[in-house]
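Here is the structure we will look at.
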Amino acid sequence: MKGTVWTQARADARLTADLLRFGAAVDSLVKVPLSPQQKAAIVDFTFNLGSGNLQSSTLLKLLNAGDYAGAANEFPKWNLASGKVMAGLVTRRARERSLFLIGAWR
């Protein structure tokens, strides 16, 4: 939406709607219990990559098999944009992994 100017209220409403949508996707795809921090990490991952990527991911397969540590180790693998490692995605995935494992965005 090039050239679109959003008010803070509109941006906040859009973020809320997106988080609800991706939260619902996570709820429907994840079949094992999650802590609030683990769910937040998976929702952030899904918000960034889309529910289709979560659905087809090894991360989800491992998670639904109860392999929480294995699932956590999948976050760093999602660091590419246009086939190139992106520093911002490396940082984001490390923080999602940290949130998932220890409940802290580090």
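FYI, it's all coordinate maths here, none of it is from the lab. Only a predicted model underlies this, so the values are computations on that prediction, with no experimental measurement involved. Reconstructed Cβ throughout: ideal geometry from the backbone, glycine too, with neighbour counts over all protein chains shown.
Taking the conditions (1) under 11 Å from the mean Cα position of the chain (by Cα); (2) more than 19 Å from Val90 (Cα to Cα); (3) among the aliphatic types (A, V, I, L, M) in turn, Val5 satisfies each one other than (1). Counting the residues of region 44-59 that are within 11 Å of the chain's Cα centre (by Cα) and not charged (D, E, K, R) gives 10.
Name the single residue that is farthest from Ser35 (Cα to Cα) among those in region 63-102 being touching a strand residue (DSSP E or B) at 6+ places or on another chain (Cβ under 8 Å) and assigned to a loop (DSSP other than H, G, I, E, B).
To start, the set of residues in region 63-102 that are touching a strand residue (DSSP E or B) at 6+ places or on another chain (Cβ under 8 Å) comprises 79, 86, 89.
Checking which are assigned to a loop (DSSP other than H, G, I, E, B) leaves us with 79, 86.
Working: Asn79: 24, Met86: 29 Å.
Looking at the filtered set, the residue picked out is Met86.
For region 3-11, does any single residue satisfy the condition of being without any contact (Cβ under 8 Å) to a residue 24 or more places away in the chain, buried (at least 16 other Cβ atoms within 10 Å of the Cβ) and not in a loop (DSSP other than H, G, I, E, B)? No, there is no match, as no residue in region 3-11 is without any contact (Cβ under 8 Å) to a residue 24 or more places away in the chain, buried (at least 16 other Cβ atoms within 10 Å of the Cβ) and not in a loop (DSSP other than H, G, I, E, B).
Within region 34-44, can one find any residue that is under 16 Å from Phe100 (Cβ atoms), surrounded by fewer than 18 Cβ atoms within 10 Å (Cβ to Cβ), without any contact (Cβ under 8 Å) to a residue 60 or more places away in the chain and in contact with a helix residue (DSSP H, G or I) (Cβ under 9 Å, 6 or more places away or on another chain)? Yes, region 34-44 has at least one match. If the condition is being β-branched (Val, Ile, Thr) and closer than 18 Å to Leu89 by Cβ, then region 25-79 contributes Ile42, Val43, Thr46, Thr58. Within region 20-33, the set of residues being crowded, with 17+ Cβ neighbours inside 10 Å and assigned to a helix (DSSP H, G or I) comprises Phe22, Ala25, Val26.
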